[in-house]
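Okay, so here's the structure we're looking at.
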Amino acid sequence: MGPSMKIEDIRRTAYSMPLTNPSFPPGPYRFFDREYFIITYKTDPEALAAVVPEPLEVVEPVVKYEFIRMPDSTGFGDYTETGQVIPVRFKGEVGAYTHAMYLDDEAPIAGGRELWGFPKKLARPKIAVESDVLVGSLHYGSVLCASATMGYKYRKVDHDTVLNAMKAPNFILKIIPHVDGSPRICELVRFQLDDIVLKEAWTGPAALGLFPHALCDVARLPVREVVSALHYKADLTLGLGSVAFDYMAR
């Protein structure tokens, strides 16, 4: 008895693993009431230079520490995410490089890594309102790795300023290994957010603490001074990416 699944069938249906029961459906991926809590802070220039890959250029010695609450998304469900994004320049265009991401849901971990190359790892981030304070935290296992607070809806923020920042290009380093462990795909991926509907935007006083951990290294980019904080909600579509630079090309 020969094989029942033909090569043509595999080519036609394969887009993720496992082949017959993928961890996520095909896109596009639409997010409703996506909630951002972002603290921008100054860090050490040497620490930034050690983690931002060429041909990206560091714009200034700042990092955006993000908490993102996603209660309703097509394909990925209900989850929370946190991580570090670094302002960069690529061929004269200003954008952002996603350095680290931690979240609590299998589907967006698998989809984020396989499709775009998001540096996602499993952890326990949280966003909550406690009385008059917006609170964000990241636990890796039982260990607290990040703690953020912001005055809840202190002052409104100009929507155009936030929208322009959301429309800027984003970059990720996508790495897929060969079966021998060497890199088979190593690309700088460019993506952006589309069809954005910004619903509200706020700022206020904020504080951020990052704590050392062996496998959750957010403290590798230490906090030297908090610059600003943002809290906003939006509907948006996470656009699929394009290859901006191929590290394997000769």
For this session: Please give, to one decimal in nm, the separation of the simple spin-label points placed at GLU106 and VAL179, each 7 Å out from Cα toward the Cβ.
Result: 2.5 nm
Problem set entry | Those lysines that a straight Cα-Cα span of less than 27 Å connects to LYS91, excepting residues fewer than 8 apart in one chain | LYS42, LYS64, LYS120, LYS167, LYS174
Seminar exercise, completed: For LYS233, the aspartates and glutamates lying under 17 Å Cα to Cα, once residues fewer than eight places off in the same chain are dropped, come out as ASP33, GLU35, GLU66, ASP72, ASP78, GLU81, ASP158, ASP160, ASP194, ASP195, GLU200
Exercise. Applying the Karplus parametrisation 6.51 cos²θ - 1.76 cosθ + 1.60 with θ = phi - 60° to the phi angles of region 187-196, what ³J(HN,Hα) value in whole Hz is obtained for each residue in order, glycine and proline being reported as x?
Worked result: 9, 8, 9, 10, 8, 8, 9, 10, 6, 7
Problem set entry | Distance (nanometres) between label positions extended 7 Å along Cα→Cβ at LEU163 and VAL58 | 3.4 nm
Seminar exercise, completed: In whole percent, the fraction of accessible protein surface over the chain that belongs to carbon or sulfur atoms, probe radius 1.4 Å, stands at 54 percent
Exercise. What list of ³J(HN,Hα) values in whole Hz, one per residue of region 33-44 in order, does the Karplus curve 6.51 cos²θ - 1.76 cosθ + 1.60 (θ = phi - 60°) give from phi, with Gly and Pro shown as x?
Worked result: 6, 5, 10, 10, 10, 10, 10, 8, 9, 7, 9, 7
For this session: Using a Gaussian network model of the chain whose springs link C-alpha atoms within less than 10 Å, name the residue from MET17, MET150, MET70 with the highest mean-square fluctuation.
Result: MET17
For this session: Mind checking the full-extension length gain between PHE32 and THR13? Use 0.36 nm per residue of separation minus the Cα-Cα distance, one decimal, nm.
Result: 4.0 nm
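Say R0 is 25 Å: what FRET efficiency, to the nearest 0.05, do LYS91 and PHE211 get from their beta-carbon distance? Could you put the intermediate results ahead of the total?
Working: r = 36 Å, r/R0 = 1.45.
Efficiency computed from Cβ-Cβ geometry: 0.10.
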Problem set entry | Solvent-accessible area per residue for the chain (1.4 angstrom probe, square angstrom) | 51 Å²
Seminar exercise, completed: Helix-only [θ] at 222 nm, the chain, -39500 (n - 2.57) per DSSP H run of 4+, per residue, nearest 500, equals -2500 deg cm²/dmol
Problem set entry | Relative contact order [Cα under 8 Å, 6+ residues apart], the chain, whole percent | 21 percent
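The values are calculated or read from the model by the stated rules, or taken from the named source; none is laboratory data. On a predicted model such as this, the values are computed, not experimentally measured, just so you know. Cβ atoms come from the backbone with ideal geometry, glycine included; neighbour counts cover every protein chain shown. Accessible surface areas use protein heavy atoms only, side chains included; no ligands, DNA or RNA. Shrake-Rupley method; radii C 1.70, N 1.55, O 1.52, S 1.80 Å.
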